[in-house]
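The values are calculated or read from the model by the stated rules, or taken from the named source; none is laboratory data. All of these numbers come straight from a predicted model, not from anything done at the bench. With ideal geometry, Cβ positions are generated from the backbone for all residues, glycine too; neighbour counts draw on all protein chains shown. In case anyone asks, the SASA skips ligands and DNA or RNA and just uses the protein heavy atoms, side chains included. Shrake-Rupley method; radii C 1.70, N 1.55, O 1.52, S 1.80 Å.
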Amino acid sequence: MKSPETIGNKLKSIFSTKEISLSEEALPTQLTVYPSTIGQVCELVKLARKNQITLFPLGGGTHLFSYGKKFLDVSVSLKRIPSDLDHSPADLVATVPAGMTFSSVQEQLSKNGQMISLDPPHTNSSTIGGIIATNSFGPRRYRYGTARDCVLETTLINSKGLAVKSGAKTVKNVSGYDLNKLYIGSLGTLGILKDITFKLFPIPEKRVTLAADFKNPDKAVKLTADLRKIPLDIESTCITNGVWNPSGGTNWTYFISLAGGEKAITPQIDRLFSIIKTSPALNCTTLSSAESNRFWKVVNQTYPKDGNNAKITVIKKYLKSFFNSIFPHLTQGYSLKIFPDSGIVYIHCPEDDDASEFIKNVIGTIRTLGGYLEFELLPRESTFERWPILPSSLPWMKKIKMALDPEGIFAPGTFVGGI
Amino acid sequence: MKKTFSLIEQLQQLLGKDRVISNPDELIVFECDALTLHKNIPEGVVLPESTEEVSAITKLCSEHKTPFLARASGTGLSGGATPAKGGVIIQLSRMNQILEIDYEDEIAVVQPGVINLHLTEAVSSRNYHFAPDPSSEKACTIGGNVAENAGGPHTLKYGVTTNHVLGMKTVSPTGEIVEIGGRCEDSPGYDLTGLFTGSEGTLGIITEVTVKLTRNPESIKTLLVVFNSVEDASISVSNIIAEGIIPAAMELIDQLAISAVEQHLNVGYPTDATAVLLIEIDGVATSLDKEMKRIQQICLSNRAMIAQIARTDKEREDLWRGRKETVGALGKITPAYYTNDGVVPRSKLPEILADTIRIGNKYGLRIGNICHAGDGNIHPLILYNPDDKNEVENAIKVSEEIIKKCIELGGSITGEHGVGTEKSEYLGMMFSEEDQEQMKKIRDVFNPDYLLNPDKIFPTQSKRNKINLKKTKKLKGWL
Ligand SMILES: Cc1cc2nc3c(=O)[nH]c(=O)nc-3n(C[C@H](O)[C@H](O)[C@H](O)COP(=O)(O)OP(=O)(O)OC[C@H]3O[C@@H](n4cnc5c(N)ncnc54)[C@H](O)[C@@H]3O)c2cc1C
Ligand SMILES: Cc1cc2nc3c(=O)[nH]c(=O)nc-3n(C[C@H](O)[C@H](O)[C@H](O)COP(=O)(O)OP(=O)(O)OC[C@H]3O[C@@H](n4cnc5c(N)ncnc54)[C@H](O)[C@@H]3O)c2cc1C
């Protein structure tokens, strides 16, 4: 590995000293650059390729895995590149520079009553590029799906330092391969996202959130199937406990929000109430709009800074079996956030031997039921792999990485199976 | 004396003679898909019944360095299933089983040759459907839908095929069986399922697909709006979208198409109308009235003559039957037609439709317009006489000019039919050399020798796909 001085000297051909700094502790790189133009980013990639310098695309820095060591050379932040949104309200489409923060984009779009349908965590500091690169989502996934359902076009700086486009700025398009799908969730390993075009949605006229408490998660999960049977304009769902539960206590709270026209939503509240009543819920509350904002904030914006944090995906119908299997081993201090309609569960547990044993059990259960686990956060000494269960198509993924980044300059070793 | 068996002989050994077609008379049927302008005869057609057989076939073809491709119902409109370089067609119609339906998980696992509508029919009693609903749904297959990333009228609200595919089993050109995605909503690594969807059969042969099933809406309202001009109809569409109303479907049909439909199907479209919009909204019953009223208001303020909601299921079904069979009906008033699939940003719909008519007039060809208007995806159907060389050439020129105009307006060369052989020379209108290079690198990962479905999507320079001016054979069955 090259010394920061050697690399810094090379970077000076492209960047002023103000644009280069030592990387923050949390980053896996030694240096960070803050280009002022996309042209500099392209030049940097060319330089990196020629000199075998490894690059780490950096967004808001909110989703940095706890690498615990410096094994890459230069982080590339797009923060200082002047960026403007290109919004076409009549088409419900917007092209957004990757370095913009999510909340600033949503705020601008809202002036025309429109929004990006994603509701990822950390919206004040996370960037559009980071959100797409991590395939980040929130409870609104229930209605709108994920980035793969709303990204229409991307421009990426590829390993030759050239901007390449995939997709189109239209809601329908099948020309060429849909490389957008490859870039979504690729954690910056295929290139640096420059800008992203989204299909937008109108902001619903009214949103109402109901919260129901349950004694344990499998009972809550069961309600999901009942919700499907009744026509309701549900926008988001989430079941939480521990740090993600705004009401505190040991209960599991099921949050459901309805969204749509005011007249349509009001009668649905009663409908939803009556379904919840037939479930083993302990109570059910309709939240005021202030309460609802506060609650969603805790549900969606709380991220523990240490310990183990894992994202689990299981086949939807096995969620109940999953909880039956892990519930007896859950102890105080463990927190869960469940997206029941997608079969996704986030688990946070502290850093201790019991937690390690618990996680081993969880991984075993997932292997039996079919599914995957990804650590978002791991204690430094942990022996777990970030992705302990690998997909069988991994060899093809490796070939894709080889084809698009033959010199391995984009965040090598940071992705699934060592990609 | 030692004799090396030919590829066809080896395929016969593998599958039996009855599942290998090599008689030139029978091969003619496979010379093209529904794009009859591009044709080429394959050397042979094989009819596998399992993933393992597909694997053995691709292995043999690769060993013989013979091109091969998958073909399903052949309803593709861009030459995707045309054997551009000859070789072997792997006809997947015998792999037509629904392997599993799981209501608890809301998914189905199907073989690629399952007809689109058959899946919806299989789950409708449980109030589910398969959301992608191309107008060819009675004939096209789910494998073909995945390969083309097919859309349909209800794509506007429900998304295209890619939004409904979770995973698939595929066979590589060298016979390797690869499972991608799965039954879980998220799986780690690069999204190969998303990559394969819409790759037009050039990355692998799909032998099994896991798709999402969609719950039927509680209530549906279908509105037929009649206009005196295409412009008023298309402005209404743009206004509805601009207001943030996204109906389940919003289709435009113009006079020529209406008269063809009424002549042959008599479903109740007003024959004196210059254009009609078919607008459907669905969802929770209580949420529909207000939205429908607003849609009607917008249309009336744009000089709609009638805006009438279908009163019965039969009326609704008839309206849709008319839309879905427009192309077939037009086929009955012309010896041949050429379907364009351009896309524009939705606010540009009035402009592109006006241009379409102008371009048709310029070349003296009649154009029937149907379009997935809410998505900005137009389908001008250019009517021509295949025996008249001049008309054939003009039909192609009309389509090319329309596509150029779409690009000028910020659109795309294809919304759902794919690039195939038809538009491969136009790819450069949208993508730079480097953009294409990035895509080709991916093709080379999965299809390094380019034996699988060659000469598709990317420009071939040599323009191998010569336009065939021979008399077009009548298409059978599904039309
Ligand atoms: C411990 C922790 C766990 C989290 N877990 C989840 C979670 O499970 N699910 C979830 O939805 N959100 C999660 N988040 C929230 C997440 O931080 C944000 O939603 C967002 O995904 C990150 O955006 P960012 O701009 O901060 O990206 P960063 O944190 O800066 O980068 C995240 C990743 O994206 C890449 N990247 C960033 N910008 C680009 C670009 N322009 N081009 C290419 N690659 C780029 C980086 O290389 C890095 O791999 C978590 C956050 C933390 C701190
Ligand atoms: C009247 C009419 C109306 C139409 N309406 C619509 C519409 O509304 N929306 C729309 O999107 N399309 C429409 N189409 C186009 C066409 O029906 C679709 O593209 C359809 O998805 C093709 O399916 P198919 O089974 O006929 O495939 P084919 O035409 O047989 O093949 C199409 C392509 O897919 C590949 N392929 C097929 N099966 C596989 C497989 N198992 N693995 C890998 N590759 C495979 C082939 O190699 C070829 O490249 C219409 C066509 C007609 C004739």
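For the pair A and B, the buried accessible area comes to roughly 6300 Å² in total, with a 1.4 Å probe and the value rounded to the nearest 100.
Candidate cross-link partners of A:K399 among the aspartates and glutamates, defined by an alpha-carbon separation under 13 Å and a same-chain spacing of 8 or more, comprise A:E407, B:D444.
When a/c reaches 1.5 or more, the comparison of a/b and b/c decides; with that in mind, is segment A:78-186 rounded, prolate or oblate per its Cα gyration tensor? Rounded, since a/c falls under 1.5. By the rule of a C-alpha distance below 17 Å, with chain neighbours fewer than 8 residues away ignored, the lysines paired with A:K10 are A:K2, A:K18, A:K46, A:K50. The lysines within cross-link reach of A:K317, meaning a Cα-to-Cα straight distance under 25 Å and a gap of 8 or more places when in the same chain, are A:K215, A:K219, A:K222, A:K229, A:K277, A:K337, A:K360, B:K169, B:K212.
How much accessible area per residue does segment B:285-386 have, counting only protein heavy atoms and a probe of 1.4 Å, in square angstrom?
For segment B:285-386, the per-residue accessible area is 39 Å².
Can you list the residues of segment B:215-240 whose accessible area drops by at least 10 Å² going from the chain on its own to the full set of protein chains, with a 1.4 Å probe? Buried by the other chains: B:R215, B:E218. When the Cα positions of B:L381, B:T421, B:C406 are compared along the charge dipole of segment B:313-450, B:L381 comes out farthest toward the positive end, with charges on each C-beta of Lys, Arg, Asp and Glu. What angle, in degrees between 0 and 90 and rounded to the nearest 10, separates the Cα long axis of helix B:230-242 from the longest principal axis of the Cα atoms of chain B? Its long axis makes an angle of about 80 degrees.
Out of the total accessible area of chain B (probe 1.4 Å, heavy atoms of protein only), what percent is carbon and sulfur? The nonpolar share, carbon plus sulfur, comes to 48 percent.
Classify segment B:291-403 as rounded, prolate or oblate from the Cα gyration tensor: take a ≥ b ≥ c as the square roots of its eigenvalues, call it rounded if a/c is under 1.5, otherwise prolate when a/b beats b/c and oblate if not. Cα axes put segment B:291-403 in the oblate bin.
Expressed as a whole percent, the accessible area of segment A:314-419 that falls on carbon and sulfur atoms is 51 (1.4 Å probe). Take the Cα of B:I41, step 7 Å toward its Cβ, do the same at A:E43, and the gap between the two points is 6.1 nm. Accessible surface for chain A, divided over its residues, is 38 Å² per residue with a 1.4 Å probe.
The contact residues of segment B:285-315, meaning those that lose at least 30 Å² of 1.4 Å-probe accessible area when all protein chains sit together rather than their chain alone, are B:T286, B:S287, B:K290. The separation of segment A:119-153 from segment A:341-419, counted between C-alpha centres, amounts to 20 Å.
Screening chain A for whole DSSP H helices of 18 Å or more along their axis (Cα) with average Kyte-Doolittle hydropathy at least -1.0 returns A:38-51, A:217-229, A:262-278, A:353-369.
Compared with the dominant principal axis of the Cα atoms in chain B, helix B:433-446 is inclined by about 50°. For segment A:194-285, just say rounded, prolate or oblate: build the C-alpha gyration tensor, square-root its eigenvalues into a ≥ b ≥ c, call rounded for a/c under 1.5, and beyond that prolate if a/b exceeds b/c, oblate if not. Because a/c hits 1.5 or more and a/b fails to exceed b/c, segment A:194-285 counts as oblate. Summing Cβ point charges (Lys, Arg +1; Asp, Glu -1) relative to the Cα centre of the protein assembly as shown gives a dipole of roughly 560 debye.
Listed values for segment B:271-278 are Karplus-derived 3J(HN,Hα) couplings in whole Hz (6.51 cos²θ - 1.76 cosθ + 1.60, θ = phi - 60°), namely 6, 8, 6, 7, 7, 10, 10, 10, and x replaces Gly and Pro.
Between A:E381 and A:K50, what is 0.36 nm times their sequence separation minus the Cα-Cα distance? Round to one decimal in nm.
Full extension of this stretch gives 115.7 nm more.
For chain A, a simple Cβ point-charge model (Lys and Arg +1, Asp and Glu -1, everything else neutral) yields a dipole of about 840 debye relative to the Cα centre. Remark on segment B:219-328: ratio of C-alpha radius of gyration to 2.2 N^0.38 Å is 1.00. Computed over neighbours whose Cβ is under 9 Å from that of A:F65, the net charge equals 0, Lys and Arg +1, Asp and Glu -1. Applied to segment A:231-240, the Karplus parametrisation 6.51 cos²θ - 1.76 cosθ + 1.60 on θ = phi - 60° returns per-residue 3J(HN,Hα) values of x, 9, 8, 7, 9, 9, 9, 6, 10, 9 Hz, with x for Gly and Pro.
Which residues, if any, in segment A:402-416 lose at least 10 square angstrom of accessible heavy-atom surface (probe 1.4 Å) when the other protein chains sit next to their chain rather than the chain being alone? The answer is A:A403, A:L404, A:F415, A:V416. Per residue, segment B:98-215 exposes an accessible area of 27 Å² to a 1.4 Å probe, with every protein chain left in place.
Label-to-label distance for A:S125 and B:T174 is 4.7 nm, based on points extended 7 Å past Cα in the beta-carbon direction. A Förster distance of 22 Å, applied to the separation of the beta-carbon atoms of A:S13 and A:K160, puts the FRET efficiency at 0.75. Helix B:349-363 and the longest principal axis of the C-alpha atoms of chain B enclose an angle of approximately 70°.
What value in Å³ per residue do you get for the convex hull of the alpha-carbon atoms in the protein assembly as shown?
Convex hull of Cα atoms, per residue: 169 Å³.
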